[in-house]
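Participant: Below you'll find the structure I mean.
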């Protein structure tokens, strides 16, 4: 368990934002692995098998916990709004301000991701967020590679549209304040 | 004017996979197109947010292993309790698993034999044609003349019968 707990926590952290949720999910992963140990056929690494159990378990927990995604983002805390404006002030793909208020950014990301389905969230965080290759995501989820690509494409569009609405509202309220 | 080619470019791959030529093309287009600029801004901010979100991971706490091991032990005990509380049902289930093919084939054989027995053992009702003695005597009585059967008197019937028998007897003697 000690050997794989870091990996399991890494996977669970991509699904859940609260430590207590991550710990509950990780415990459920080890329980499932314990009850399904007989199913492990020795093909592939045990870490890969554990990662797949962790991914499917967390995805199912997320699906169960939230049947319907939130329709829109209603208001932003001030610090998240500021983070957004700082990013827009210097728009570039290469620059990545990882050190600056990363907790604020992670919270804002969760707020936007809450408008998406669990499958969309998984595809985006793994592929765009963590830079996981398509093939690896397919192995982790049990989906086909074409399904992973399609899911990521659609998820990217939905997240962009949600973010467009957020940015438009932010710009409008900013211009009203200036007047 | 919104360029679908630009939109597709920022949707089909993660932004980090775009080449410098593609980024230049996006920048030159978004300088003139507010709609595509908004889309590109949204895509870029989304990308940063996802990077931040993916890097936010938790480490297992020192108590996690003890807690998870306790949960696994508890699950193991529950499993053992479930198995011991229903040994008869479990035994019957195992027996059924082993014998179900045999039982099913025996049942099929019994049904087939029953059907065959019912179909082949039906009693045949005696028909007029199968009893030549009875049918010939009756036919002989009533084919005699053109009188309707209902109009014959008892004496006519007996006369007719006896005369037929007498003729039959004479014929046999000859």
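Participant: FRET efficiency for residue B:32 and residue B:66, Cβ-Cβ distance as r, R0 = 45 Å, nearest 0.05?
Facilitator: Numbers: r = 62 Å, r/R0 = 1.38.
Working from the Cβ atoms, E equals 0.15.
Participant: Still on this structure, please answer the following. Okay, which of the range A:138-166 sit inside 20 Å, backbone N to the point 7 Å along the Cα-Cβ direction of residue B:22?
Facilitator: Taking a point 7 Å out along Cα→Cβ of residue B:22, the residues of the range A:138-166 whose backbone N falls under 20 Å are A:138, A:145-161.
Participant: What is the packing order of peptides A:1-14, A:134-147, taking the mean over residues of other C-beta atoms within 10 Å and listing the highest first? Kindly include the intermediate steps, with their values, before the conclusion.
Facilitator: Values: A:1-14: 19.1, A:134-147: 15.4.
Listed from highest to lowest mean packing, they are A:1-14, A:134-147.
Participant: Only Cα pairs within less than 10 Å get springs; with that Gaussian network setup on chain A, which residue of A:152, A:162, A:89 has the largest fluctuation?
Facilitator: Per the Cα network of chain A with a 10 Å cutoff, A:89 tops the list.
Participant: Using alpha carbons only, how many degrees (0 to 90, rounded to 10) separate the axis of helix A:2-15 from the longest principal axis of chain A?
Facilitator: 40
Participant: Take peptide B:20-31, look around each residue's Cβ out to 10 angstrom, count Cβ atoms belonging to other protein chains, and average those counts. Provide the component values of the computation, followed by the final result.
Facilitator: On the way: counts 1, 0, 0, 3, 0, 0, 1, 2, 0, 0, 1, 0.
Counting other chains' Cβ atoms within 10 Å and averaging over B:20-31 gives 1.
Participant: Under the definition of partner shielding as Cβ atoms of other protein chains within 10 Å of a residue Cβ, what is the mean value for peptide A:23-31? Before the final figure, lay out each step's value.
Facilitator: Working: counts 7, 1, 0, 5, 7, 2, 1, 7, 5.
Going residue by residue through A:23-31 and averaging, the value is 4.
Participant: Ranked highest first by the average count of other Cβ atoms within 10 Å around their residues, in what order do B:42-53, A:115-126 fall? Provide the component values of the computation, followed by the final result.
Facilitator: Details: B:42-53: 24.8, A:115-126: 22.4.
Output ranking for B:42-53, A:115-126: B:42-53, A:115-126.
Participant: Another question, then. Can you put A:34, B:154, A:40 in order, fewest other beta carbons within 10 Å first? Could the numbers behind the result be given before it?
Facilitator: Numbers: A:34 16, B:154 7, A:40 13.
The most exposed by this proxy come first: B:154, A:40, A:34.
Read-outs: derived from the displayed coordinates by stated rules, not from any lab. This structure is a prediction, so every number in the text was calculated from the model and none was measured. We place every Cβ from the backbone using ideal geometry, glycine too, and count neighbours over all the protein chains shown.
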